[in-house]
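Please read the structure below before turning to the comments.
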Amino acid sequence: MARPGEAPLRVLVSLHQGGGAGSVNSVLRLALGLRERGLHVRFVCPPGSPVEAEANAGRLEVHPVPLARGGRFTNARALRRLLAGYPVDLVDAHGARDREAFTWLGLTGRLPVPAIFTRRSWPRTLRVENWLAGRVAARVVALSEPVAARLVATGIPRGKLQVIHNGVLLDRLDRPVHEAERAAWRERIGGDPDRRTIAIVARPKDQWVVLQALPLLRTPVRLVLSGLDGVALTAPLREIPDRHAVVRLPFLPDVRPLYDLIELALHPSRWDALPQAVLEAMALGKPVIASDASGNAVIVRDGLDGLLVHPTDPAAWAVAIDRVLGDPAFAARLGAEARRRARGGFPFSRTLDQTIDLYHDVLGR
């Protein structure tokens with residue numbers, strides 16, 4: 001926030017993804033929150049994308065720039081032209097393509113302002129790429145401690161790292177949900193009184209381990225897989241016992257009403273930095289079972305506000321699901337603690353505070 005008589009801090013927030021992921025929502029809400037705190041935010045995103053439409057609806061200063069896969073040099077030229085025409089005080093890049101482009105600009109002496117690289121997924125970048133990015137970046141933000149440790153192991157200087165957790169996006173969760181919205185979701189997922197409804201609300205991750213757990217699962221369930229695409233959405237499912245049903249759905253922009261219809265949220269993933277899907281389910285008071293890996297284990301305290309299970313062991317998933325669905329008091333206790341944990345432990349206001357403090361630190365303000 002600018003002091004009296006001081007010009008607002010100008011920041012370019014860039015993201016090459018266009019929608020369909022919790023990370024995209026997080027970056028958009030971050031940009032909007034920074035603007036509300038008095039910063040001048042220029043928001044770079046793909047043209048014609050859902051996130052561009054949302055950013056325009058939120059009255060951000062939007063700069064639609066297509067960043068092509070494998071287009072490091074053309075992407076760098078496009079971003080350099082943008083910076084020349086629309087000066088800023090610093091850059092905060094949240095995607096791989098923008099990070100690669102800004103790294104090239106920095107290495108070639110054409111990046112006029114400090115750059116912050118925010119790592120929103122589990123680092124699978126080549127070590128040489130991380131090393132080069134670490135040379136250019138003023139700071140590298142990791143969304144969780146496991147991500148920070150992995151970045152250090154793959155070439156990022158420890159002194160340039162800062163952990164800033166995702167904050168739960170309560171504006172998406174605490175809005176009124178109308179019965180017509182629930183009815184639309186009931187029609188999508190079906191249902192009957194003999195099956196319990198559970199869900200994975202995420203892009204393709206390790207959904208396969210839960211599907212393989214179904215033959216071992218005693219409690220009849222309707223498993224809703226929302227957010228799939230490609231083969232994950234269309235490939236034949238094998239060995240699903242008749243006592244269970246599986247509903248597969250593509251990405252839908254508003255899944256909030258679905259949470260009112262499920263008893264249990266699952267998050268089988270080994271590669272999330274700090275998943276919004278887990279935070280959102282917990283903030284809504286849903287018991288959560290997640291893979292004991294990466295950012296899941298930062299959010300969920302096993303046995304207290306959720307369950308952590310071996311990421312790739314179908315039998316462990318079946319035991320955990322049966323345990324929660326078979327013990328209503330235990331499920332209610334997990335859900336209540338989960339709500340407190342997500343809302344109290346991961347406030348979005350703290351994410352904004354720490355991000356702005358980081359900007360000021362980088363600029364020596």
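The values are calculated or read from the model by the stated rules, or taken from the named source; none is laboratory data. Please read all numbers here as calculations on a predicted model, not as lab measurements. Note that each Cβ is placed from the backbone with ideal geometry, even for glycine, and that neighbours are counted across all protein chains shown.
A few notes on this one:
- Whenever a residue of the range 343-359 is free of Cβ contacts under 8 Å to residues at least 24 places away in the same chain, it has no partner that is among the small types (Gly, Ala, Ser) lying with C-beta atoms less than 6 angstrom away and at least six residues away or across chains.
- Glu6 being of a type outside the set (Gly, Ala, Ser), touching a Cys at 6+ places or on another chain (Cβ under 8 Å) and farther than 26 Å from Val136 by Cα: no
- Test: Asn75 is exposed (fewer than 15 other Cβ atoms within 10 Å of the Cβ), in the same structural domain as Val136 (by TED's automatic domain parsing) and at pLDDT 95 or above: no
- Any hit, the range 313-327, residues being over 23 Å from Leu170 (Cα atoms), within 20 Å of the chain's Cα centre (by Cα), outside the structural domain of Thr125 (by TED's automatic domain parsing) and not charged (D, E, K, R): no
- All positions within the range 106-123 that are surrounded by fewer than 21 Cβ atoms within 10 Å (Cβ to Cβ) and hydrophobic (A, V, I, L, M, F, W, C): Leu107, Leu111, Val113, Trp122
- Members of the range 92-122 found to be more than 17 Å from Gly18 (Cβ to Cβ) and aliphatic (A, V, I, L, M), listed by number: Leu105, Leu107, Leu111, Val113, Ala115, Ile116
- Among residues of the range 310-338, those that are in a helix (DSSP H, G or I) and either under 30 Å from Val13 (Cα atoms) or among the β-branched types (Val, Ile, Thr) (or both), counted: 3
- Of all residues in the range 43-61, those being within 21 Å of the chain's Cα centre (by Cα) and part of a strand (DSSP E or B) number 3.
- Matching residues, the range 339-365, being under 22 Å from the mean Cα position of the chain (by Cα), assigned to a helix (DSSP H, G or I) and of a type in the set (A, V, I, L, M, F, W, C): Ala342, Phe348, Leu352, Ile356, Leu358
- Number of residues in the range 287-309 that are surrounded by fewer than 24 Cβ atoms within 10 Å (Cβ to Cβ), in a loop (DSSP other than H, G, I, E, B) and either at negative phi or aromatic (Phe, Trp, Tyr) (or both) equals 5.
- Here the condition is being farther than 21 Å from Leu90 by Cα, crowded, with 20+ Cβ neighbours inside 10 Å and hydrophobic (A, V, I, L, M, F, W, C); of Val27, Val41, Val11, Val51, it holds for Val51 alone.
- Qualifying residue in the range 326-339 (condition: farther than 30 Å from Glu179 by Cα and in contact (Cβ under 8 Å) with a residue 24 or more places away in the chain): no
- Of the criteria (1) closer than 24 Å to Glu129 by Cβ; (2) modelled with pLDDT under 95; (3) touching a strand residue (DSSP E or B) at 6+ places or on another chain (Cβ under 7 Å), which one Gln17 fails: (3)
- Residue ID - farthest from Val24 (Cα to Cα), chosen from residues in the range 154-178 that are in contact with a helix residue (DSSP H, G or I) (Cβ under 9 Å, 6 or more places away or on another chain) and in a helix (DSSP H, G or I): Arg158
- Residue in the range 131-144 that is outside any helix (DSSP H, G or I), touching a His at 6+ places or on another chain (Cβ under 8 Å) and under 30 Å from Ile299 (Cα atoms) present: yes
- Residue list for the range 312-338, filter: in contact with a Leu (Cβ under 7 Å, 6 or more places away or on another chain) and surrounded by fewer than 17 Cβ atoms within 10 Å (Cβ to Cβ): Ala315, Asp322
- Test for Gly70: is it outside the structural domain of Leu274 (by TED's automatic domain parsing) and either buried (at least 23 other Cβ atoms within 10 Å of the Cβ) or not in a helix (DSSP H, G or I) (or both): yes
- When the criteria are applied in full, Ala101 meets the requirement of being over 23 Å from Asp361 (Cβ atoms), touching a Leu at 6+ places or on another chain (Cβ under 8 Å), not aromatic (Phe, Trp, Tyr) and not in a loop (DSSP other than H, G, I, E, B).
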